[in-house]
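Structure first, commentary second.
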Amino acid sequence: QITLKESGPTLVKPKQTLTLTCTFSGFSLSSSGVGVGWIRQPPGKALEWLALIYWDDDKRYSPSLKSRLTITKDTSKNEVVLTMTNMDPVDIGTYYCARRVPTAHQPWFDPWGQGTLVTVSS
Amino acid sequence: NFMLTQPHSVSESPGKTVTISCTGSSGSLANNYVQWYQQRPGSAPTTVIYEDNQRPSGVPDRFSGSVDSSSTSASLIISGLKTEDEADYYCQSYDGSNVLFGGGTKLTVL
């Protein structure tokens, strides 16, 4: 059974850096084709892709947020970490991590974690 | 920038068939697979269609996907609607570098 779970602060102050951890089980991020992505969703709004890291450490970022994002992996711990700098109230939302399906020709995600709600406020 | 456009909302009665569209801004989805995710309130998205028209195990065959012959839009078709199908539906694709999601469609079954 594949599971992912997001963890991190529920509240950050404006201009602070957000660090979220995705802890997963049931697959290895050292296996060919595997990846883990981050997607967020402001309250009542659409999903927005943020970043994706592959088994070979290839990293992809949303062009609109690239300057603020860093994604890293720790294969031994089965963890993927996303940092987002200079947090603003517009960054409020639920942040999901999800597995990039390894057999896919192009990236898609399944399953997803339960998500973690992040609020930005002083 | 490549974008995916969906209708904001659709509604239909139980037992009927509904189609949700997803249109690519660049005009062509020919080289890009489309996935569809279902998101019920308070829950994470789950996959109902992948790679245009493939259904994951466990998803009822009432759910199907297609891409039109000109490859400008994709569709999610749900037949025999049930009240449990009421949810938000998102299409997702890839432009060679970036993952993209549509704006989502709220399906109301009434």
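Comparison of B:96, B:80 shows that the only residue that is modelled with pLDDT of 95 or more and assigned to a loop (DSSP other than H, G, I, E, B) is B:80.
Listed by position, the strands (runs of 3 or more DSSP E) contained in region A:4-122 that have at least 1 residues being closer than 20 Å to residue B:92 by Cβ are A:18-25, A:35-41, A:48-54, A:59-61, A:69-74, A:79-84, A:93-100, A:109-112. For region A:30-39: of the residues being surrounded by fewer than 23 Cβ atoms within 10 Å (Cβ to Cβ) and on the phi < 0 side of the Ramachandran plot, which is nearest to the other protein chains (Cβ to nearest Cβ)? This residue is A:34. The residue list B:1, B:53, B:98, B:32 contains one member that is under 29 Å from residue A:97 (Cβ atoms) and without any contact (Cβ under 8 Å) to a residue 24 or more places away in the chain, which is B:53. Restricted to region B:4-74, the set of strands (runs of 3 or more DSSP E) holding at least 2 residues that are closer than 13 Å to residue B:87 by Cβ and away from chain A (no Cβ under 11 Å) comprises B:9-12, B:18-24. Just a yes or no: is a residue in region A:58-81 in contact (Cβ under 8 Å) with a residue 60 or more places away in the chain and of a type in the set (A, V, I, L, M, F, W, C)? Yes: region A:58-81 contains one or more residues that are in contact (Cβ under 8 Å) with a residue 60 or more places away in the chain and of a type in the set (A, V, I, L, M, F, W, C).
The values are calculated or read from the model by the stated rules, or taken from the named source; none is laboratory data. Note that the structure is a prediction, hence the values are computed from the model and not measured. All Cβ positions, even for glycine, are placed from backbone atoms using ideal geometry, and neighbour counts span all protein chains on display.
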